[in-house]
Number of protein chains: 2
Amino acid sequence: MNWTRSYAILGTGAVGGYYGGLLRKAGADVRFLVRSDFAHVRVHGLKIDSPGGGFTLPRVSAFSRPSDMPPSDVAIVAWKTTENGFLASTLPLVLKPGGIVLVLQNGLDPERESAEAMPGAHVLGGLCFLCSRKAGPGWIQHQDYGAVTLAAYSPGPDPQGETPEMRAVAADLRAAGVEVGMQEDWRMARWRKLAWNIPFNGLCALLGADTAQLLGQEAMRRQVEAIIDEVAAGAGACGTALPPALRDRMMRDTDAMAPYEPSMKLDRDAGRPMELDAIYGRPLQAMASAGFRAPLIEALHAQLEFSEKLTGFPQR
Amino acid sequence: MNWTRSYAILGTGAVGGYYGGLLRKAGADVRFLVRSDFAHVRVHGLKIDSPGGGFTLPRVSAFSRPSDMPPSDVAIVAWKTTENGFLASTLPLVLKPGGIVLVLQNGLDPERESAEAMPGAHVLGGLCFLCSRKAGPGWIQHQDYGAVTLAAYSPGPDPQGETPEMRAVAADLRAAGVEVGMQEDWRMARWRKLAWNIPFNGLCALLGADTAQLLGQEAMRRQVEAIIDEVAAGAGACGTALPPALRDRMMRDTDAMAPYEPSMKLDRDAGRPMELDAIYGRPLQAMASAGFRAPLIEALHAQLEFSEKLTGFPQR
């Protein structure tokens, strides 16, 4: 592979560490922005465990401050949406003008802050179907899956189709061994992912359970299905008609997965803030603007917000 | 007071210990069935703390086995509904034939098992508006309120009106200092209480919160109100039209209460089984039989059941 694009990874955790690590291993020029683990990563690099074969990158280009990073052709936004307030002061430093931003974040439109932070950039949404977690400093445990679906972001209602920037990033990710899908309709891609995240992230976080435990009880399965149905109905009210078979496929796929603790559950357990606005607040706002009420999602959102406010964020 | 009726108290805890203690203090012949605390109560009696003035009963008539108890004129069923499987083997031993059963339990129709266990008995429902908890062996902490609403039970649809047995028990309780209300329609009494128990018991148990914490967050207040509305609509579908002003009055009354942890929350924290069937399962069944769907109550029930099954009952 003849690498023509350099990459800046914002957030070297379960997502950014994994995809950035794969790009680096394949030979790309990758600059990692590392916060809490900087002292470790600067000396020891990154370690990625994977059932398909792990690897170590003993030396990576690690930075603790955006202002130290050379501008890259592509910036991958891989930190939690709760950190998006830092985008406006970060993206212009780490990305070349007119560059590409790939937003590997959860929620309805996490691309919005990236687009606002970097006018003129080509912003892509990336939907990760990835089970991974950070196991320690500079240490990522990849558990299952890893495909990314790309979709070009636009604040307007019309799909952007398949853009040259999508094809460029897809080529790089594929060269790094990542399975890449392309979705012409960014909203469709986002709502499909939300149809999984909204039931599973919140219920696992609230109930302290993994996906297999949730799906192991019949009444809870029906709750999950009812929430997926509500997401689908809400997406429809917002103008995105999800495929009717999506719910059953999602249930089957999640049944087939190894027991998984979604990121929101790990955040909750660790006392970190949960991505409540991205995964619940914004979709509910969009539904409300379309005149759609989602009582089950509202209830779950209220419970999660309550639970977070009640116990606070001990680690912040 | 010239006491003509003897009392058997089944379950000497936060409810039975409190009302039985008041009756005993006022001079009634009260026989307490005591299980876990028997060794303590036999020697030390009962201690009741109360903001209005506590008292101690150094010697009470305590029994560890129903078969040791002389048959009484009135049996007060004050253990948790989760113990109702013991009624069939207990009531016929502790109650005179044709006696009165006063069921001080939560849920839609906890009287059913009492009526089935003791054909020919006069079964009364008693709705306690009581904040109390067991603080230790034979030690009840009364925190607030204490009124009881009586209603004659009947498995059929028609209200029984005000029966002689209601008046008799009301006179005894009033002589013991209890505020007593009479409700001609047993179903109305039960649904009114459920309109409080269904939101507050479950949410407090699930979220590890007290009533004041729940009501201190705006989004959670709206959830509580939405659940009360669902109970009211479901009761209406079942033929009991709750007063339209009930919801707002309940919110105001609960705002005015000292922060309170409902029994289900205490049970959850202590790893005891929660009264899920009485407070959720049976009302949901009744609503379903009436063709009414209650998605918020179903969701809460499923979460509570899940949570209980996931962690088990460490103390059982």
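The residue among A:A241, A:L33, A:A270 whose Cα reaches farthest toward the positive pole of the charge dipole of chain A, with charges on the beta-carbon of Lys, Arg, Asp and Glu, is A:L33.
Tilt of helix B:16-25 relative to the longest C-alpha principal axis of chain B, in degrees (0 to 90, nearest 10)? With rounding to tens, the tilt is 40 degrees.
Take the Cβ atoms of B:A245 and B:E162, set R0 to 22 Å, and the FRET efficiency comes out at 0.40. By other beta-carbon atoms within 10 Å, ranking A:I76, A:I227 with the fewest at the front produces A:I227, A:I76.
The charge dipole of the protein assembly as shown, taken about its Cα centre with unit charges on the Cβ atoms of Lys, Arg (+1), Asp and Glu (-1) only, comes to about 1340 debye.
Of B:G156, B:G27, B:G239, the residue with the greatest mean-square motion in the GNM of chain B, using alpha carbon springs below 10 Å, is B:G156. Here the extension length gained between A:K309 and A:R174 equals 44.4 nm, from 0.36 nm per residue of separation less the Cα-Cα distance. What's the angle, to the nearest 10 degrees (0 to 90), between helix A:218-237's Cα axis and the longest principal axis of chain A? Long axis of A:218-237 versus the principal axis of chain A: about 70 degrees. Distances between copies of B:A256, taken at a point 7 Å out from Cα along the Cα→Cβ vector and listed shortest first: 6.0 nm. Arranged from fewest to most other beta-carbon atoms within 10 Å of their beta carbon, B:S50, B:S89, B:S132 become B:S89, B:S50, B:S132. With its label point defined 7 Å out from Cα along the Cα-to-Cβ axis, A:T4 lies at 10.3 nm from the matching points of the other copies, in increasing order. Expressed in units of 2.2 N^0.38 Å, where N is the residue count, the Cα radius of gyration of region A:227-316 is 1.23.
In plain terms, the chain from A:F129 to A:E218 could stretch by 29.5 nm, reckoned as 0.36 nm per residue minus the Cα-Cα distance. Computed on chain A, with alpha-carbon pairs under 8 angstrom and 6+ residues apart, the relative contact order is 15 percent. Candidate cross-link partners of A:K193 among the aspartates and glutamates, defined by an alpha-carbon separation under 12 Å and a same-chain spacing of 8 or more, comprise A:D109.
Mind grabbing the base-10 log of I(q)/I(0) for the protein assembly as shown at q = 0.06, 0.09, 0.10, 0.11 Å⁻¹? Debye formula, identical points on the C-alpha positions, no solvent, two decimal places. The computed values of log10 I(q)/I(0) come out as -0.43, -0.78, -0.89, -0.99. Label-point distances for A:K309 to the equivalent site in the other copies, using a point 7 angstrom along Cα→C-beta, read 3.2 nm when ranked shortest first. Taking one quarter of the surface of the convex hull spanned by the alpha-carbon atoms of region A:6-184 gives a direction-averaged projected area of 9.0 nm².
Between helix B:164-175 and chain B there is an angle of about 80 degrees, using the helix long axis and the longest principal axis of the Cα atoms.
Read the figures in this text as sums done on the coordinates, not as results from a lab. Please read all numbers here as calculations on a predicted model, not as lab measurements. Cβ atoms come from the backbone with ideal geometry, glycine included; neighbour counts cover every protein chain shown.
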